[in-house]
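Chemist: My questions will all concern the structure given below.
The values are calculated or read from the model by the stated rules, or taken from the named source; none is laboratory data. These figures come from a predicted structure and were not determined experimentally. In this analysis, Cβ positions are derived from the backbone assuming ideal geometry, glycine residues included, and neighbour counts consider all displayed protein chains.
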């Protein structure tokens with residue numbers, strides 16, 4: 001018996017793809033690295049491509065080759081730097097050239113589609129502007145320049161000053177690069193920065209219906225794709241002053257009913273969310289008071305019994321718990337929680353829902 005079930009609604013992925021394409025007004029790359037942020041790379045990529053995305057982006061060559069087996073005809077872009085030893089495996093893929101060390105190896109390789117990345121302020125991967133322009137011109141002469149790109153560091157921030165500076169730098173470099181697709185906007189760029197919407201965009205988190213600001217995704221037209229369910233295994237009644245959990249993290253104030261749910265931090269439910277997070281049982285929000293490796297404890301009303309369904313992420317009646325809610329409770333971001341929710345053999349099962 002599975003301890004929990006993670007279901008992925010690919011209809012939501014498709015709806016988000018169409019919504020983001022309308023907002024952007026240009027081509028959209030669906031970013032499915034880290035196994036589709038824990039949602040399943042192949043399932044998400046297929047849904048996004050069917051809804052109009054032009055290709056899928058992954059972090060590594062290994063991820064790209066796995067996705068190629070699932071989607072033989074798709075355009076696949078490897079976003080992280082590719083070492084020279086791996087370039088032979090990239091024939092038929094698209095790669096990003098983002099380090100000075102990789103320039104010569106890429107020029108000698110048989111990879112036919114190269115995106116040049118310029119660092120406009122992320123301070124991570126990316127060539128400086130003069131080298132990016134020179135390399136792009138060379139690749140254009142070879143017929144191999146597939147795009148010019150950069151990455152926004154603060155696209156979700158309410159303070160636009162740094163993002164605006166990056167947009168200006170990218171536009172300046174773009175003027176000196178031969179004609180090719182330009183892509184700067186990520187999820188936050190599409191949703192909050194119209195000036196960042198060049199001819200193409202790369203969308204990750206919003207594709208899954210998660211707000212880059214970890215607020216209500218519905219406010220920006222997104223539909224959450226991930227739902228996580230479990231069951232109550234047991235209910236204990238703690239007398240006044242009794243505790244539960246390692247370190248006695250919770251003390252009962254009066255007689256208190258506590259449900260034990262077989263999901264813990266080994267399943268991706270953050271330990272540090274205890275005391276802030278809630279789960280849904282019988283349509284009620286039930287505060288999570290302790291999280292261990294294999295189970296969590298939540299305070300529940302009198303009607304709750306063993307066997308009752310538990311919504312960890314999703315909707316129950318009029319109540320809703322989102323992945324962003326769980327991220328805020330844990331003091332982290334939606335990206336981290338999503339990437340930690342992959343299926344684990346003997347623990348959880350992931351399924352996709354795509355029937356009309």
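Chemist: Looking at residue 290, is it buried (at least 22 other Cβ atoms within 10 Å of the Cβ), touching a helix residue (DSSP H, G or I) at 6+ places or on another chain (Cβ under 8 Å) and part of a strand (DSSP E or B)? Spell out how you get there, then give the answer.
Modeler: Details: buried (at least 22 other Cβ atoms within 10 Å of the Cβ): yes; touching a helix residue (DSSP H, G or I) at 6+ places or on another chain (Cβ under 8 Å): yes; part of a strand (DSSP E or B): yes.
Answer is yes for this residue.
Chemist: I've got another one for you. Among the residues that make up region 305-326, is at least one of them closer than 23 Å to residue 246 by Cβ, assigned by TED's automatic domain parsing to the domain that holds residue 263 and more than 24 Å from the chain's Cα centre (by Cα)?
Modeler: Taking region 305-326 first, the residues closer than 23 Å to residue 246 by Cβ are 306, 310, 312, 326.
Now narrow it down to the ones that are assigned by TED's automatic domain parsing to the domain that holds residue 263: 306, 310, 312, 326.
Still in the list and also more than 24 Å from the chain's Cα centre (by Cα): 306.
The answer is yes, given that some residue of region 305-326 is closer than 23 Å to residue 246 by Cβ, assigned by TED's automatic domain parsing to the domain that holds residue 263 and more than 24 Å from the chain's Cα centre (by Cα).
Chemist: Could you identify the single residue in 263, 299 that is under 25 Å from the mean Cα position of the chain (by Cα) and touching a residue at least 12 places away in the same chain (Cβ under 8 Å)? Show your work before the answer.
Modeler: Numbers: 299 fails: under 25 Å from the mean Cα position of the chain (by Cα).
Of the residues listed, the single one that is under 25 Å from the mean Cα position of the chain (by Cα) and touching a residue at least 12 places away in the same chain (Cβ under 8 Å) is 263.
Chemist: Can you tell which of 152, 87, 145 is at pLDDT 95 or above, out of contact with any strand residue (DSSP E or B) (no Cβ under 6 Å at 6 or more places or on another chain) and closer than 28 Å to residue 72 by Cβ? Don't jump to the end; show me each part of the working.
Modeler: Details: 152 fails: closer than 28 Å to residue 72 by Cβ; 87 fails: at pLDDT 95 or above.
Selected residue: 145, the only one of 152, 87, 145 that is at pLDDT 95 or above, out of contact with any strand residue (DSSP E or B) (no Cβ under 6 Å at 6 or more places or on another chain) and closer than 28 Å to residue 72 by Cβ.
Chemist: Now for a different question. Would region 279-286 turn up any residue that is touching a helix residue (DSSP H, G or I) at 6+ places or on another chain (Cβ under 7 Å) and either over 29 Å from residue 204 (Cα atoms) or in a loop (DSSP other than H, G, I, E, B) (or both)? Lay out the reasoning, then the answer.
Modeler: Our first condition is that a residue be touching a helix residue (DSSP H, G or I) at 6+ places or on another chain (Cβ under 7 Å); within region 279-286, this holds for none.
No.
Chemist: Could you check, for region 90-110, whether at least one of its residues is under 22 Å from residue 41 (Cα atoms) and touching a residue at least 40 places away in the same chain (Cβ under 8 Å)? Show your work before the answer.
Modeler: Within region 90-110, the subset under 22 Å from residue 41 (Cα atoms) is 90-96.
Filter again for touching a residue at least 40 places away in the same chain (Cβ under 8 Å), leaving 94, 96.
Taking every residue of region 90-110 in turn, at least one turns out to be under 22 Å from residue 41 (Cα atoms) and touching a residue at least 40 places away in the same chain (Cβ under 8 Å).
Chemist: Kindly indicate the residue of region 192-202 that is assigned to a helix (DSSP H, G or I) and in contact with a helix residue (DSSP H, G or I) (Cβ under 7 Å, 6 or more places away or on another chain) and also surrounded by the most Cβ atoms within 10 Å (Cβ to Cβ) among those meeting that condition. Full working, then the answer.
Modeler: Initial filter on region 192-202 (assigned to a helix (DSSP H, G or I)): 192, 194-196.
Within this subset, residues satisfying the condition of being in contact with a helix residue (DSSP H, G or I) (Cβ under 7 Å, 6 or more places away or on another chain) are 195-196.
On the way: 195: 15, 196: 24.
Checked region 192-202; the qualifying residue surrounded by the most Cβ atoms within 10 Å (Cβ to Cβ) is 196.
Chemist: I've got another one for you. If you take the residues in region 175-191 that are more than 14 Å from residue 163 (Cβ to Cβ) and either without any contact (Cβ under 8 Å) to a residue 12 or more places away in the chain or in contact with a helix residue (DSSP H, G or I) (Cβ under 9 Å, 6 or more places away or on another chain) (or both), which one is surrounded by the fewest Cβ atoms within 10 Å (Cβ to Cβ)?
Modeler: Of region 175-191, the ones more than 14 Å from residue 163 (Cβ to Cβ) are 175-183.
If we keep only those that are either without any contact (Cβ under 8 Å) to a residue 12 or more places away in the chain or in contact with a helix residue (DSSP H, G or I) (Cβ under 9 Å, 6 or more places away or on another chain) (or both) as well, we get 175-180, 182.
On the way: 175: 7, 176: 14, 177: 22, 178: 13, 179: 10, 180: 20, 182: 22.
Of everything passing the filter in region 175-191, 175 is surrounded by the fewest Cβ atoms within 10 Å (Cβ to Cβ).
Chemist: Could I ask something else about it? Could you say which residue among 38, 25 is in contact with a strand residue (DSSP E or B) (Cβ under 8 Å, 6 or more places away or on another chain) and either on the phi < 0 side of the Ramachandran plot or touching a residue at least 12 places away in the same chain (Cβ under 8 Å) (or both)?
Modeler: Details: 25 fails: in contact with a strand residue (DSSP E or B) (Cβ under 8 Å, 6 or more places away or on another chain).
After ruling out the rest, the residue left standing is 38.
Chemist: Just the residues that are in a loop (DSSP other than H, G, I, E, B) and modelled with pLDDT of 75 or more, please, taken from region 323-356.
Modeler: Here is the first cut: in region 323-356, the ones in a loop (DSSP other than H, G, I, E, B) are 330-333, 340-347, 354-356.
Correct list: 330, 331, 332, 333, 340, 341, 354.
Chemist: When region 1-48 is examined, which residues are found to be out of contact with any helix residue (DSSP H, G or I) (no Cβ under 7 Å at 6 or more places or on another chain), under 15 Å from residue 70 (Cα atoms) and surrounded by fewer than 20 Cβ atoms within 10 Å (Cβ to Cβ)?
Modeler: Of everything in region 1-48, nothing turns out to be out of contact with any helix residue (DSSP H, G or I) (no Cβ under 7 Å at 6 or more places or on another chain), under 15 Å from residue 70 (Cα atoms) and surrounded by fewer than 20 Cβ atoms within 10 Å (Cβ to Cβ).
Chemist: Let me ask another. Which one of these is in contact with a strand residue (DSSP E or B) (Cβ under 7 Å, 6 or more places away or on another chain), at pLDDT below 95, assigned by TED's automatic domain parsing to the domain that holds residue 170 and surrounded by 22 or more Cβ atoms within 10 Å (Cβ to Cβ): 82, 58, 116?
Modeler: Numbers: 58 fails: at pLDDT below 95; 116 fails: at pLDDT below 95.
82 is the lone residue from the list that is in contact with a strand residue (DSSP E or B) (Cβ under 7 Å, 6 or more places away or on another chain), at pLDDT below 95, assigned by TED's automatic domain parsing to the domain that holds residue 170 and surrounded by 22 or more Cβ atoms within 10 Å (Cβ to Cβ).
Chemist: If you scan region 61-79, which residues turn out to be modelled with pLDDT under 95 and under 16 Å from the mean Cα position of the chain (by Cα)?
Modeler: None - no residue of region 61-79 is modelled with pLDDT under 95 and under 16 Å from the mean Cα position of the chain (by Cα), so the list stays empty.
Chemist: Is at least one residue of region 285-306 closer than 26 Å to residue 156 by Cα and at pLDDT 95 or above?
Modeler: First, pick out the residues of region 285-306 that are closer than 26 Å to residue 156 by Cα: none.
Scanning region 285-306, I find no residue that is closer than 26 Å to residue 156 by Cα and at pLDDT 95 or above, so the answer is no.
Chemist: Here are 136, 163: which of them is buried (at least 18 other Cβ atoms within 10 Å of the Cβ) and touching a strand residue (DSSP E or B) at 6+ places or on another chain (Cβ under 6 Å)?
Modeler: On the way: 163 fails: touching a strand residue (DSSP E or B) at 6+ places or on another chain (Cβ under 6 Å).
From the options 136, 163, the qualifying one is 136.
Chemist: Another question, then. Going through region 85-96 one residue at a time, which ones are outside any helix (DSSP H, G or I) and crowded, with 16+ Cβ neighbours inside 10 Å?
Modeler: Applying the first criterion (outside any helix (DSSP H, G or I)) to region 85-96 yields 91-96.
Correct list: 93, 94, 95, 96.
Chemist: Moving to a separate point now. So is residue 305 crowded, with 17+ Cβ neighbours inside 10 Å, touching a strand residue (DSSP E or B) at 6+ places or on another chain (Cβ under 7 Å) and not in a helix (DSSP H, G or I) or not? Spell out the reasoning first.
Modeler: Values: crowded, with 17+ Cβ neighbours inside 10 Å: no; touching a strand residue (DSSP E or B) at 6+ places or on another chain (Cβ under 7 Å): yes; not in a helix (DSSP H, G or I): yes.
No; evaluated as a whole, the condition is false for this residue.
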